Amino acid sequence: MSLVNTRIVDQIAILEIDSPPVNALSVQLRSEMIAALQALGEQPKLQAIVLHCAGSTFICGADIREFDGEPLAPHLPELITLLESSAVPTIALLHGHVLGGGLEVAAACHYRIALKSTNIGLPEVGLGVVPGAGGCQRMMRLVGVANAVKMATSGRAVKVTDPSYVSLCEHLIDNQDDLLEQGLAWVQRQLVENSLSVKPTSELALDTEAEKIDWQLFKKQVQRSAKSNPAPLQLLQQLERYWPLPVAQGEKHTRELFLQLRQSTEAKALRHAFFTEKKMQAGRSKQAFSIAEVAVIGAGTMGSAIGICFADAGFKVILLEQSQQALERGLKRIEDEYQRSYERGRISQKQRDQRLALIHGSCDYASISEVDLVIEAAFESLQVKQTIFKSLDSVCKKAAILATNTSYLDIDVIAQATSRPEAVVGMHFFSPANIMKLLEIVKADKTSDAVVDQMQQLAKKLRKQAVTVGVCFGFAANRIYTRYGREIQQMLLEGASIELVDKAMREFGMAMGPLAVQDLSGIDIGHNARSAYPHPSHDPGYFKVSAALVEAGRLGRKSGSGFYDYSEGSARLDAKVEQIIATVAAELKVVQSEFNTRSIAQRALLAMISEAVQVLDQGIVQQKEAIDLIWLHGYGFPRAKGGPMFMAQQWGIAELEQQLSELREQHGDKIWPSLNLAKYLA
């Protein structure tokens, strides 16, 4: 099937690209565009060439699937050169998402016309590479050096109407208008007025403000946001050095960097993350989506955030609480959150008001009798949740889906409180629910497939990355996280310091160290959840450090002390905690060891992998990619490392077997069991 069609209207050639779903620059599309442009070059009376894309978007970037092999000819720079050197003016009609190679194509054209809703960006660094076809150099000339550098090193897209980038386009079109019709009309007017000319972007002058750029400030910003991804900083360093060069020379340097980075481990990890997200998204359902109005039980921090999450997606929400006072606190919390979003420019006043209007409060169960979905977000107590579900069963319509946001509790047992266990499902949001992208859909023993299908469709509407899991302690996410936490605490008992542990995981790429995270979330939260289950008899040190801190009243930031002391505001090391750990270690006769940041991070990762393989073996999750998705979107695993299972794949079975065997010899096969790694890593 041809991806490029050409027709000529009044001496204007329309080169239409039709390569669904996102018009990606595959080798076939590049070849056909080059052939079409070469053929048009032989048309003697042609006055202009217009690039237009069918579907919902302009060219949305490269075909990323090609990155894992050798670069395929023809290469994008060949197409870019042909566009820019055209003997007649080239005009790009932009809509949807103009990203990466798509923006490089647009920037090489002589003119650009866009719908006002168009998004533009150079997101390559998010995939561990850099713009490789002159995107940085041409954007410097179109929107200014500083703005181009910011776009390329951040990887973030912006609206074409953004004041810093509006100079990219010669003409903007209202969203309700026909882009092709209005674009052609603009071109025809310019031809009549004899004001359309060939003006290669590479010949435009750089802005005079470029000499004043604070490159050190740029470097600090990039280092803060890039984390373990080396591409943004490498690109920044190159642009700082070569920005004054002519386009062809500057492009040569970024092209070399692009080819160098595309096969790096970080780039492979980032591509893995990208494709995992696509793979794990639910496909089209044969079942009609039937959820329009939802109720959230509990107006605390989590319940309020869940309410915001649904209102953001356009759902009507009823927030239910036991008392008017608690309800008013929850509604005020929601109002304050939307006000902050408005003041920071994240939403407009109209959006704020519309979303607030979707949320209503109630203290009467009868008010939720006709909702399509209920999400219970009450206190993490099995008895409390069973009582709530019994009430829901008697009040809600028969078609309603009853969901619990429990993090650990047995949903099979919760479902027994109802006469409709097939309608009971877990919707485990991660805090804060209106920001964190991960959603665990927990299929209990009797949850119907139809209910799971509705949850998967719902997740897409909420813009969540959803993973469907089975029932066990902590489901998939918290179960593996608990194993990770257990290993961290065991290393404390063996002599690793609090400071070294947190430093090790920050250097690995986590936003915060695990002990600082526990202080932030509350040490007693996990302690109470674990206390509801019998502790493993084979593991005498199992979270004994947390238990000792809770017993000492050190619950984390909220109590003024936890693993760290917060009496003076910021976190400080406290000798009392080191003494508590030493006392527990002495009582348990734990053998002391030497640690460094590398050995700590490696052992923590091995714990994640070990538990992940067991979760897969037991059928709690069906796909190994789900493990990586959980860690990337639930716990801040560094994206440039791909996830625990990706790293396991990179290590290889032999290396993993050796390391796990050493730990098994030291600590026993109940903590470090033998695993069938070949089943998941071969």
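The selection criterion, being in the same structural domain as Gln182 (by TED's automatic domain parsing) and in a helix (DSSP H, G or I), does not hold for Glu70. Looking across the range 288-308, the residues that are part of a loop (DSSP other than H, G, I, E, B) and either among the β-branched types (Val, Ile, Thr) or closer than 25 Å to Asp453 by Cβ (or both) come down to Ala288, Phe289, Ser290, Ile291, Ala292. Against the definition (assigned by TED's automatic domain parsing to the domain that holds Ser323, surrounded by 15 or more Cβ atoms within 10 Å (Cβ to Cβ) and farther than 24 Å from His633 by Cα), how does Gly303 come out, yes or no? No, not satisfied.
The lone criterion from (1) over 22 Å from Leu462 (Cα atoms); (2) touching a residue at least 24 places away in the same chain (Cβ under 8 Å) left unmet by Glu343 is number (2).
This table checks each residue for (1) assigned to a strand (DSSP E or B); (2) within 15 Å of the chain's Cα centre (by Cα); (3) of a type in the set (Phe, Trp, Tyr).
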| site | (1), (2), (3) |
| --- | --- |
| His428 | yes, no, no |
| Ile441 | yes, no, no |
| Asp445 | no, no, no |
| Cys472 | no, no, no |
| Asn478 | no, no, no |
| Tyr484 | no, no, yes |
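Within the range 122-168, the set of residues being outside any helix (DSSP H, G or I) and under 26 Å from Glu211 (Cβ atoms) comprises Leu122, Val130, Pro131, Gly134, Gly144, Gly155, Arg156, Val158, Asp162, Pro163, Ser164, Tyr165. Screening the candidates Arg530, Arg557 for the property of being out of contact with any Cys (no Cβ under 6 Å at 6 or more places or on another chain), touching a residue at least 12 places away in the same chain (Cβ under 8 Å) and buried (at least 19 other Cβ atoms within 10 Å of the Cβ) yields one hit, Arg530.
Among what's in the range 384-432 and is closer than 19 Å to Ala366 by Cα and among the charged types (D, E, K, R), pick the residue that is surrounded by the most Cβ atoms within 10 Å (Cβ to Cβ). If we take residues in the range 384-432 being closer than 19 Å to Ala366 by Cα and among the charged types (D, E, K, R), then Lys385 is surrounded by the most Cβ atoms within 10 Å (Cβ to Cβ). All conditions in (1) without any contact (Cβ under 8 Å) to a residue 12 or more places away in the chain; (2) assigned to a strand (DSSP E or B); (3) of a type outside the set (Gly, Ala, Ser) hold for Glu42, with the sole exception of (2).
Looking at Gly102, Gly69 in this structure, which one is under 29 Å from Thr276 (Cα atoms), crowded, with 23+ Cβ neighbours inside 10 Å and not hydrophobic (A, V, I, L, M, F, W, C)?
Gly102
Within the option set Ala571, Ala575, Ala604, being in contact with a helix residue (DSSP H, G or I) (Cβ under 6 Å, 6 or more places away or on another chain) and in the same structural domain as Tyr484 (by TED's automatic domain parsing) holds for one residue only, Ala604. Within the range 128-154, being touching a Lys or Arg at 6+ places or on another chain (Cβ under 9 Å) and either among the small types (Gly, Ala, Ser) or modelled with pLDDT under 95 (or both) holds for Gly128, Gly132, Ala133, Gly134, Ala146, Ala148. Scan the range 573-587 and tell me whether some residue there is within 21 Å of Glu380 (Cβ to Cβ) and in a helix (DSSP H, G or I). Taking every residue of the range 573-587 in turn, none turns out to be within 21 Å of Glu380 (Cβ to Cβ) and in a helix (DSSP H, G or I). Within the range 203-219, identify whether any single residue is under 21 Å from Leu168 (Cβ atoms), without any contact (Cβ under 8 Å) to a residue 60 or more places away in the chain and not in a helix (DSSP H, G or I), and answer yes or no. Looking for residues that are under 21 Å from Leu168 (Cβ atoms), without any contact (Cβ under 8 Å) to a residue 60 or more places away in the chain and not in a helix (DSSP H, G or I), one finds none in the range 203-219, hence no. Taken together, the residues in the range 292-345 that are of a type in the set (Phe, Trp, Tyr) and in contact with a Ser or Thr (Cβ under 8 Å, 6 or more places away or on another chain) amount to 1. So is Pro536 within 22 Å of Asn478 (Cβ to Cβ), in contact (Cβ under 8 Å) with a residue 40 or more places away in the chain and surrounded by fewer than 18 Cβ atoms within 10 Å (Cβ to Cβ) or not? So Pro536 passes the test.
The values are calculated or read from the model by the stated rules, or taken from the named source; none is laboratory data. In this text the structure is predicted, and so the values were computed from the model without any measurement. When we count neighbours, we look across all protein chains shown, and the Cβ atoms used for this are built from the backbone with ideal geometry, even at glycine.
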